[in-house]
Amino acid sequence: MEKMLEYIKLMHKYSFKEAVLIAIIHLFQGIVPIIAVVFTTDFVNLALEAVYIGIINKKIYFDIVVLLFVYGYNLMLPVLHQLIFERAKLNLHRFYRVCLLEKCAKIEFQYIENSDYRDFIFRIMEKPEATILENYNALCQLGSILISVLGVMLIIIVQIWWVPIVIIFCCAPVFYFSIKSGKANYKSKCDTAEWSRKADYYSEILTSRDYIDERSMFGYTPKINQEYRKVYLKSLSMQITTKFRWFIRTKLGGVFTAVASLIVILVLLNPAVTGIISIGMFISLVNAVLSLTWKLSWELSAIIDTFISGCEYAKEMHRFVNLSETAGALESPAMQSKIETIEFRNVSFSYPDTDITILKNVSFLLEYGRHYAFVGANGAGKSSVIKLLTGLYKNYSGEIMINEKELRDYSLAELKGFFSTVYQDYTKHEFTLKENILIGNLSLKLDEADEKLIRNALCMTEMNEFIETLPNKMDTNLGKIHENGVDLSDGQWQRLAMARAIVSPAPVRILDEPTASLDPVSENRIYELFSKINHCALTIFISHRLASTKIADEILVFEDGTIVEKGNFDSLVAQKGLYWKMFEEQRSWYL
């Protein structure tokens, strides 16, 4: 119950007015059945009296007005409730989802790379607004049912004391199965999270325009369609099987309760015939018993199912909120002066919850104004060095010294200010072209000097001529979410990502396979441009095209988590070691 109270707190915090209105609606919904019993009894008795004596008691008109109000309220309730429900969902989406996204941005990077935690986060972030609203609504419904049940039972007890006891006793199996059903259904949802995520991925391949060229060229749509159906049906089958099994058990209990209620109604016939209770009271009690049966066996079972699932979700939400965070994750980069040296001293590293050592006593020194290349096979440890250097992981042994100060002694904001990184998996931001570049340096004020800096970055990445062909030049919207948006090729998006790094004032530039979408000639030209303009910075680039590493002052060759060779291009070729072998293999491709 304590976990469910979180839903009340969240609703009152992010959508207070709507939360109050929903509670009021359900409060009246709980009172209305009691009013209906009282006034239906009076109305029927007065109507029968009018038939027998031929005189209409004026009080019957008041009963009619009240019953019409009850009928009208029940008629308008679903529409009113839905309007308030949607408004509350919108408020939660605007405010609460932002909090969840901020939490996602703050949690430690290890959770992002862990597949189990990805499924866990997927469950948390999948329609959280609807989950909160449904469970808050279930709590209000539960209160409403308790009010109406207690009120109606009190009326029945006054007439025939044992009837409510029989009804509650008959409903006990339904309560039990509903609780079991809620837990089973939520567990089923957790078990199928991975399959649901896979189904979403296949759906994206089938519908996204990013895959349309390959779908047309290779004709793999039927195959992906088949995989999508298989994964989707497996997920659906697992959930439906669980729901159906518990639905049958719950509803069988409901049938048992309904039969018991019919027996109760038959028993009430004798007091009605003998005059112990009036005909009006008999009709009202019949309606009340049927209403109680419906609420306790069918409606309440669904609420309990939602309630229990909500408790399970609340536990996971509590776990999510308490995931360890990276200090300063949301802070803006603190602008840094130049870096004199970066040194790895006997650094070893394993990813959390694994026994595989990725880096093994790695040591090297990087100096200001020089250009370095990291090369090696996939999994050799190159990208792991970058993750450590940028502060994504700090569970390494040894020392990483930046200007003779240990990396872990810097704040995350300071580390952000040190590095400007372009990854192979660059992000395509569907903003204006200028806004895409400004992300690299949010401190720019767009005065004349800043405009010149942006244009120089575009010129260096050979985008300047293309910009002139755009309808609104640098203010052109990119991507297809805009009505007048212009899409770019992969190579152009990649150049834009590199321009973003160029305008950054960070003293260290890291290029992790950023030119993979460019042809070899363009790649070599851009690296040469980088080497010219970054003479006042320290540059690290990772590339599998070894010819591009000729411009590096020093090349570090990684193999199996260690550095096996160091030197410039000429010295490494002369050694005829691992670098030379890899270079010769690539060169043979072009002969």
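Observations on the model:
- By average C-beta atoms within 10 angstrom, highest first, the peptides 133-142, 276-285: 133-142, 276-285
- Cα gyration tensor shape for segment 323-374, rounded if a/c is under 1.5, else prolate or oblate: oblate
- Stokes-Einstein D (µm²/s) once Rh is taken as the Kirkwood radius of segment 11-162 over alpha-carbon pairs, at 37 °C in 0.692 mPa s: 171
- Prolate/oblate/rounded call for segment 297-401, Cα gyration tensor, a/c under 1.5 rounded: prolate
- Pairs exceeding a 24 Å alpha-carbon distance, out of Lys338/Lys405; Lys13/Lys416; Lys127/Lys416; Lys103/Lys338; Lys382/Lys452: Lys13/Lys416; Lys127/Lys416; Lys103/Lys338; Lys382/Lys452.
- Each of Phe558, Phe320 has some number of other Cβ atoms within 10 Å of its Cβ, and from fewest to most they run Phe320, Phe558.
- The residues neighbouring Lys127, those whose beta-carbon lies less than 11 Å from its own, together hold a net charge of 0 under the Lys/Arg +1, Asp/Glu -1 convention.
- 5 angstrom amide H check on Gly479, placed H, neighbours 5+ away: Val486, Asp487, Leu488
- Cα gyration tensor shape of segment 356-412, rounded if a/c is under 1.5, else prolate or oblate by comparing a/b with b/c: oblate
Any read-out appearing in this document is the output of simple, stated calculations on the displayed coordinates, not a laboratory observation. Predicted, not measured: the structure shown is a model, and the values here were computed from it. With ideal geometry, Cβ positions are generated from the backbone for all residues, glycine too; neighbour counts draw on all protein chains shown.
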